[in-house]
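The values are calculated or read from the model by the stated rules, or taken from the named source; none is laboratory data. Since this is a predicted model, take the numbers as computed values, not measurements. Every residue, glycine as well, gets a Cβ built from its backbone with ideal geometry; the counts of neighbours run over all protein chains shown. Each accessible area value is taken on the protein alone, full model and side chains, heavy atoms only, with ligands, DNA and RNA left out. Shrake-Rupley method; radii C 1.70, N 1.55, O 1.52, S 1.80 Å.
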Amino acid sequence: MDPDAVKSTLSNLAFGNVLAAAARDYKKEVLANEKAQSSNHVNEEVDLDELMDDPELEKLHADRIAALKREVEKREAFKRQGHGEYREVSEGDFLGEVTRSEKVICHFYHKEFYRCKIMDKHLKTLAPRHVDTKFIKVDAENAPFFVTKLAIKTLPCVLLFRFHLFRKGIAIDRLVGFQDLGTKDDFSTTKLENVLIKKGMLSKKKKEEDDEDAEYQESIRRSVRSSENLDSDSD
């Protein structure tokens, strides 16, 4: 075979491979440009400034802010009435506490009774989660008048008060011992919560409300920490 012919053939093959490779690179570049243009086109279609100026979106935002403001105001009003925490009250303050709120859960307890301590733990957990209900406790030893009047014979005894403004009366229900809670000591806070929901003393919460509660509590903690940091700096 003629060496020059062989050399010419190999040269042509190499040139062909170069052209093929160039063609592939060109095709990749075209596809990449088309993809980039498509992406830019999508981004151009979504004008965020125009979206933020949308009157419907502004109304939704305003409605949400107003709803949050009303919720905060309601919470503050409840807190002024002693809601949001589990507190001990004296016999002298008992009537005033149960008549100033629509829903009141009151635990008559004995400080030496183990089951009273279990009930305390669960009620303390529920109080900040259900701000629309007041949670209080009364030392039965220091409240003989109401222990007798309310026929409290077994501890723990949790009295449930509903004040009806138009009927001008107080509806009373009660949890005696752990009878409604499975009779055992290891019942969960959720078990107690569900019993109180069924009795109309607590409102059943949606997940988003729980999330908002968590966010609200976290904002309070942040404010407290910020205040403490400022006090520390001022020192």
Worksheet item: Across the range 132-159, which residue is surrounded by the most Cβ atoms within 10 Å (Cβ to Cβ) among those that are without any contact (Cβ under 8 Å) to a residue 60 or more places away in the chain and part of a loop (DSSP other than H, G, I, E, B)?
Response: P156
Item to complete: Give the residues of the range 104-131 that are in contact with a Lys or Arg (Cβ under 6 Å, 6 or more places away or on another chain) and open to solvent by 10 Å² or more (accessible area, probe 1.4 Å), sorted by residue number.
Response: Y109, V131
Worksheet entry | Selection from the range 160-196 of residues that are charged (D, E, K, R), assigned to a strand (DSSP E or B) and closer than 17 Å to R100 by Cβ | R162
Discussion item. Being modelled with pLDDT of 95 or more, farther than 21 Å from D93 by Cβ, of a type outside the set (D, E) and out of contact with any Gly (no Cβ under 8 Å at 6 or more places or on another chain) is true for just one of S203, S223, S234, S188. Which residue is that?
Written reply: S188
Practice prompt. Out of V176, V195, V158, report the one residue that is out of contact with any His (no Cβ under 8 Å at 6 or more places or on another chain), more than 16 Å from R129 (Cβ to Cβ) and modelled with pLDDT of 60 or more.
Written response: V176
Worksheet item: Which of the residues that make up the range 65-91 are at pLDDT 70 or above and open to solvent by 70 Å² or more (accessible area, probe 1.4 Å)?
Response: I65, E85, E88
